[in-house]
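Notes to accompany the following structure.
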Amino acid sequence: MEITYELTQKDFTESFFAHRNRRSFIKWARRIIVWAVLLVLVLVLFGSIRTGNTRTLAPFFAVVGLWLLVVAGLPTWWSARRQFLRQPGAHGARTVLFDDTGAHWHWNGGSSHVEWKNYVRSVGGKNQFLLYTSPACFNIVPKRALGQQDLSEVRSLLKQRILAGK
């Protein structure tokens, strides 16, 4: 199966978030922590309004606001954006060919041939597949480049070739 596509900054950003949230525990723990902090903020605010002590809370709310930005993903978004903009190989058309031996990648300025045994895992994000050659290094295949039939074929192929080999 051969897939041709062009990566976008949105593909990079979404794949970074999919990578960050690849473990359900981490994804849900982050959400619970954010909601718990918001609940504490509301309780502190209502307590301060009741006692008339709202002026002294400005630094507290500023620090908590910055913390929420960090937890919500601003660094992830920023990192994905910077990597996309500064990586020449991420721009232009790319092609991946999946066959019995592995994945054969071709892009503007390079190519790579990776046997199935060298993939440690695959993650299906909302809009992309991530194919990992190490715990943190992955290739992106956007789902928008696939038809409905191809989508189920790729899922099946990755499950068979990557997960079954471990």
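The values are calculated or read from the model by the stated rules, or taken from the named source; none is laboratory data. Bear in mind that the values here come from a model prediction, so they are computed numbers and not experimental data. Glycine gets a Cβ as well: all are built from the backbone with ideal geometry, and neighbour counts include every protein chain shown.
Taking the criterion of being more than 18 Å from T95 (Cα to Cα), of a type in the set (A, V, I, L, M) and in a loop (DSSP other than H, G, I, E, B), the only residue of the stretch 124-162 that qualifies is A136. Each residue in the stretch 104-123 was checked for being without any contact (Cβ under 8 Å) to a residue 40 or more places away in the chain and either touching a strand residue (DSSP E or B) at 6+ places or on another chain (Cβ under 9 Å) or part of a strand (DSSP E or B) (or both), and 12 of them qualify. Out of G165, G89, one residue alone is of a type outside the set (F, W, Y), in contact with a helix residue (DSSP H, G or I) (Cβ under 8 Å, 6 or more places away or on another chain) and either assigned to a helix (DSSP H, G or I) or at pLDDT below 90 (or both). It is G165.
Residues of the stretch 15-45 that are small (G, A, S) and at pLDDT 70 or above: S15, A18, A36. Candidates in the stretch 116-152 are the residues that are more than 15 Å from the chain's Cα centre (by Cα) and closer than 15 Å to G102 by Cα; of these, the one that is surrounded by the fewest Cβ atoms within 10 Å (Cβ to Cβ) is K117.
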